[in-house]
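A.B. asks: Would you mind keeping the following structure in view while I ask a few things?
Derivation of every value follows stated rules applied to the coordinates shown; laboratory data play no part. Since the model is a prediction, treat every value here as computed from it, not as a measurement. Methodologically, a virtual Cβ is constructed for each residue, glycine included, from the backbone with ideal geometry; neighbour enumeration extends over all protein chains shown.
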Amino acid sequence: MVLVAHGTAEGGNAALNSHVSALAQRRVFAEVAGAALTGGPDPDEVLARIKAPVTYVVPFFMTDGTAVRDILYRRLRLEGTVTERDGRRIVLSAPVGLNAGLADLIVHRAQTLAGDHAIGPETATLVLVGHGSTRNPASRRTTEAHAARARQSGVFAAVATAFLDEAPTLAQVLAALDGPALAVGLFTEDGLHASQDVPPILAARTPEVPYLGAIGPDPGMADLILDQVKAADAYS
């Protein structure tokens, strides 16, 4: 299995590497490797080194946007969900961030965060912070889908969505809220967006808005990665 992240020019792939290590220890696959579109390891080179007759490629992305549907397809010369090439079968799963179980993980972690700050979830608004884009609706769709699932849990008084690159922005959402709030970043890594863009906006609000950070590094993501492989296998 190859887990592919977006990556950065600086090569910050801590969550990716952690999940690769955790999944390798489970011995579900003959080999588990990580790759990144930016900063490496290059996905095409990693895939070329794997000799297994069947390889699962799992996008470690929160959305099914341009990076997956365009860049990843082109880099790996994929023909669709299943690509037969040189006697090998390459099976592409849906991005990890599309797994419906992510909402349960978010709610569970946010409940713990609320308890750590003596906040009753039934009185608080959970804010899901997505990247957003004015050019591609994928991030918005995914963020809103998880928010809808989180609302159905009935754990929090309300669940709101906010975005970094489109409206409603995080600052706008926070300004419209009354009472306590908690925030979770729908990002795969604690990188620029999760650790530098979001905290100053939260810090500017009174009362304090506890922040979980990016959900991507959470150990529970490993189970969602396996779920994506099973789902892709069922349709291959």
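A.B. asks: What is the Cα coordinate range of segment 130-190 on the first, second and third principal axes, sorted by size from largest, in whole angstrom?
C.D. replies: 32, 24, 22
A.B. asks: Can you tell me the equivalent ellipsoid semi-axes for segment 100-214? Use √(5λ) from the Cα gyration tensor, largest first, whole Å. Spell out each step's value before the answer.
C.D. replies: On the way: eigenvalues 76, 53, 34 Å².
The answer is 19, 16, 13 Å, longest axis first.
A.B. asks: I've got another one for you. Farthest toward the dipole's positive end in the chain, which of PRO59, ALA204, SER93, given Cβ charges of +1 (Lys, Arg) and -1 (Asp, Glu) about the Cα centre?
C.D. replies: My answer, from the dipole projection, is SER93.
A.B. asks: Of VAL68, THR123, ALA231, whose Cα points farthest to the positive end of the dipole of the chain (charges on the beta-carbon: +1 Lys, Arg; -1 Asp, Glu; origin at the Cα centre)?
C.D. replies: ALA231
A.B. asks: Can I ask one more? Restricting things to Cα coordinates, could you compute the convex hull volume per residue of the chain in Å³?
C.D. replies: 115
A.B. asks: Would you mind counting up the charge near ILE215? Only other residues with Cβ under 12 Å from its Cβ, with Lys and Arg at +1 and Asp and Glu at -1.
C.D. replies: After counting each charged neighbour, the total is -3.
A.B. asks: Any chance you could give the angle, 0 to 90 degrees and rounded to 10, that helix 138-153 forms with the longest Cα principal axis of the chain?
C.D. replies: 60
A.B. asks: Right, here's the next one. So, by mean Cβ neighbours within 10 angstrom, what's the order for 54-64, 69-79, 223-233 with the highest one leading?
C.D. replies: Highest mean packing first, the order is 54-64, 223-233, 69-79.
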